[in-house]
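K.L.:
One structure, pasted below without further comment.
Throughout, read-outs are computed from the coordinates displayed, never taken from laboratory work. Since we're looking at a predicted model, the values are computed, not measured. All Cβ positions, glycine included, derive from the backbone under ideal geometry; neighbour counts span all protein chains shown.
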Amino acid sequence: MRAFIVRRLLIALPVTLLITLIMFVIINLAPGDPIDMFVGQQGLKPDEIERLRADLGLNEPVYVRYVKWLGQLFQGNLGYSYLDNQPVIHRLAERLGPTLSLMIFVILLSHAIALPIGVLSAIRQYSWIDYLATGIAFFGVSFPNFFAGLVAIYIFSLSLGWLPTGGLETMGAGFSVADRLYHLLLPGMVLAFREMGVLVRYTRSSMLDVIRQDYVRTARAAGLSEWSVTFRHGLRNALLPLITMLGLMIPRLFAGVVIIEQIFQWPGMGRLAIEAILSRDYPVLMGLTLSSAVAVLVGNLLADILYAMADPRIRLSEKR
Amino acid sequence: MSSQMKALSPSAVPSQSFRRLAWRRFLRHRLALLGAAVLVCLTLMAMFAPWIAPMDPNRVDLMLAREGPSTAHLLGSDVVGRDVLSRLIYGSRVSLSVGLFSVSIYMVLGTLLGCIAGYFGGRIDMTISRLIDAVLSFPALMLILVIVGLLGPSTLNIIIAIAVLSWPEVARIARGQTLAAREETYVLASEAAGARPKRIILEEILPNILSPIIVDATFGIARAILVEAGLSFLGMGVQPPTASWGNMLNDAQSLSILESMPWMWVPPGLMIFIATISINFVGDGLRDALDPKLS
């Protein structure tokens with residue numbers, strides 16, 4: 001196991017570096033640089049612009065800047081935001097909490113709803129619940145999440161007045177868990193909707209696969225109760241591949257979060273990404289790229305490890 | 001030489017009866033037929049937009065801004081007085097072309113790389129597989145946002161960004177299928193007859209592994225349409241005055257428009273939904289038809 005983890009990390013490291021290199025080049029070669037953004041607002045003189053450019057290190061070639069960035073990175077320094085000179089790590093840290101709480105809520109909610117429906121639809125194939133599951137699956141993956149967000153605000157906030165239209169917490173009310181959850185509910189449900197579509201479909205087909213296996217038939221033939229056959233022999237094995245799905249969910253959630261946070265004024269990493277792109281805040285953008293790439297890689301690694309722990313047939317030392 | 005080869009390699013191209021069977025299976029899938037019908041309508045709408053649209057989609061008329069539906073403007077007008085219905089009709093051009101072009105590009109790219117990796121194996125396979133892993137662990141939308149946001153938002157840049165980030169999925173499927181196919185007798189026979197790798201891949205293997213790739217590509221079109229709509233909604237995709245279903249929803253980020261002018265944002269949202277669910281229905285039907293084992 002340890003050897004497996006070490007080897008995976010050894011593969012993940014160059015992949016992460018490759019991602020940062022590609023992003024660094026794209027970001028720095030893109031037309032329009034941060035200075036233009038400043039100048040537009042402040043009307044600086046040419047020599048002041050030159051000095052600013054030198055201060056930010058923008059007149060060096062791209063590869064020099066990348067090596068410098070990398071050197072700083074290995075000392076634990078992600079650089080400073082062009083906007084307010086705050087350390088990038090602080091900007092990321094203050095946005096991490098809201099995004100993480102949103103993602104965890106979505107993961108819990110979508111599994112809590114999708115797993116039972118998926119399992120039931122497999123056991124009772126062609127029943128009403130099976131059609132419901134198919135409906136959710138098609139709806140979930142086809143309904144654009146920004147449109148779902150707008151519809152949800154329109155119905156639950158503007159028409160019914162049940163839930164807030166956005167934001168992390170009630171202004172000036174101070175921190176309380178209940179208030180946070182109250183604000184989390186709507187964006188969380190909208191984001192969970194798509195995940196449910198993917199999960200229901202996957203659980204259903206995985207469960208269908210398993211209940212056709214010989215060992216399930218054997219268990220039933222041996223006279224075990226239907227409950228025991230379904231849950232002890234069926235469900236436990238059907239849930240195994242879902243662990244891998246968890247690893248795939250993380251990059252999808254990063255995508256969803258950008259749009260949902262924008263609609264619901266949720267001060268997380270997704271909004272930070274849009275702010276950073278609009279203001280050409282390169283260090284913040286690189287910090288975001290790095291942290292989302294690391295999150296995706298760690299997610300996949302965790303999924304692999306969990307899978308191996310749950311399924312003794314997988315031997316990690318073997319080549320894939 | 002070529003006639004000899006044909007004689008030696010038994011049935012490399014899927015037979016006529018397979019196609020007929022698949023076609024029959026597809027016709028039995030009602031939702032897929034419905035989806036296909038809707039898509040035909042949307043395609044016609046996109047092709048003949050100038051003749052169908054009641055007025056110029058980009059004509060600004062500030063006197064008529066934010067008017068609700070009426071006989072003059074069936075779906076009302078937007079914040080600068082452009083006709084919503086006309087913009088809706090023209091918007092289908094953006095969605096469909098982004099979906100079709102980005103998927104065509106990455107399907108060709110992914111299939112070729114996947115086939116090459118699977119057929120040659122060894123070092124070539126190693127390199128391509130690592131590349132697949134690397135791109136798959138990119139947080140895709142984040143990168144698309146950065147590329148489009150920085151390179152400048154245009155339809156072409158969106159198509160390129162989607163294609164560059166989506167080919168690995170197809171490549172992985174093609175590689176797996178090729179690995180299995182290269183052990184088949186028709187490939188071995190063709191090799192024994194001295195056919196070149198290029199010929200074996202393109203004429204023997206490719207026709208036999210296309211089914212799952214076509215199915216994946218169909219779902220890919222729906223995904224690409226959603227990505228474009230999402231980007232345009234954020235203001236980082238297709239830029240006004242060009243109408244796209246996504247950027248028509250952009251104005252609804254203001255709560256007053258969201259609350260009191262639903263004609264501006266409900267129709268484009270529904271169009272995106274109708275287009276993607278139709279494509280997903282067709283994809284489901286194709287999967288049942290082409291690859292009965294999978295369903």
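K.L.:
Using only the Cα atoms of segment B:132-171, build the gyration tensor, take square roots of its eigenvalues as a ≥ b ≥ c, and label the shape rounded, prolate or oblate: rounded if a/c is under 1.5, else prolate if a/b is larger than b/c, else oblate. Can you show the working numbers first?
P.N.:
On the way: a/c = 3.64, a/b = 1.71, b/c = 2.12.
Oblate, because a/c is 1.5 or more while a/b does not exceed b/c.
K.L.:
Hey, how many Å between the Cα centroid of segment A:281-313 and the Cα centroid of segment B:169-188?
P.N.:
Computed from Cα coordinates, the inter-centre distance equals 30 Å.
K.L.:
Another question, then. According to the square roots a ≥ b ≥ c of the eigenvalues of the Cα gyration tensor, what is the shape class of chain B, taking rounded for a/c under 1.5, prolate for a/b larger than b/c otherwise, and oblate for the remainder?
P.N.:
Numbers: a/c = 3.07, a/b = 2.00, b/c = 1.54.
It comes out prolate by the Cα gyration axes.
K.L.:
While we're looking at this one, here's another question. Apply the a/c threshold of 1.5 to the C-alpha gyration tensor of the protein assembly as shown and tell me whether it is rounded, prolate or oblate. Could you put the intermediate results ahead of the total?
P.N.:
Values: a/c = 1.37, a/b = 1.25, b/c = 1.09.
Rounded.
K.L.:
For Cα pairs less than 8 Å apart in space and 6+ apart in sequence, what is the mean separation divided by the residue count of chain A, i.e. the relative contact order in percent?
P.N.:
On the way: 327 pairs, mean separation 83.6, N = 320.
Result for chain A is 26 percent.
K.L.:
What residues from segment B:180-198 fall in the zone where the backbone N is under 12 Å from a label point 7 Å along the Cα-to-C-beta line of residue B:17?
P.N.:
Nothing falls inside the zone, counting backbone N under 12 Å.
K.L.:
Something else about it: Running a GNM on chain B with Cα contacts under 10 Å, which residue among B:78, B:216, B:61 ends up with the highest mean-square fluctuation?
P.N.:
Residue with maximal mean-square fluctuation among B:78, B:216, B:61: B:61.
K.L.:
Here's another thing I want to ask about it. With label points built 7 Å along Cα→Cβ from the Cα atoms of residue A:75 and residue B:124, find their separation and express it in nm.
P.N.:
Spacing of the two 7 Å Cα→Cβ label points: 4.7 nm.
K.L.:
Can you compute the helix-only [θ] at 222 nm over chain A? Use -39500 (n - 2.57) per DSSP H run of at least 4 residues, normalise by all residues, nearest 500 deg cm²/dmol.
P.N.:
Working: 12 runs with 225 residues, N = 320.
Computed mean residue ellipticity for chain A: -24000 deg cm²/dmol.
K.L.:
So what is the 222 nm mean residue ellipticity for chain B from helices alone, if each DSSP H run of at least 4 adds -39500 (n - 2.57) and you divide by all residues, rounding to the nearest 500 deg cm²/dmol?
P.N.:
On the way: 13 runs with 210 residues, N = 295.
Mean residue ellipticity at 222 nm (helix-derived): -23500 deg cm²/dmol.
K.L.:
For peptide A:250-259, how many partner chain Cβ atoms fall within 10 Å of a residue's Cβ, on average?
P.N.:
Numbers: counts 2, 7, 3, 1, 4, 10, 2, 3, 9, 7.
Mean number of neighbouring Cβ atoms from other chains: 5.
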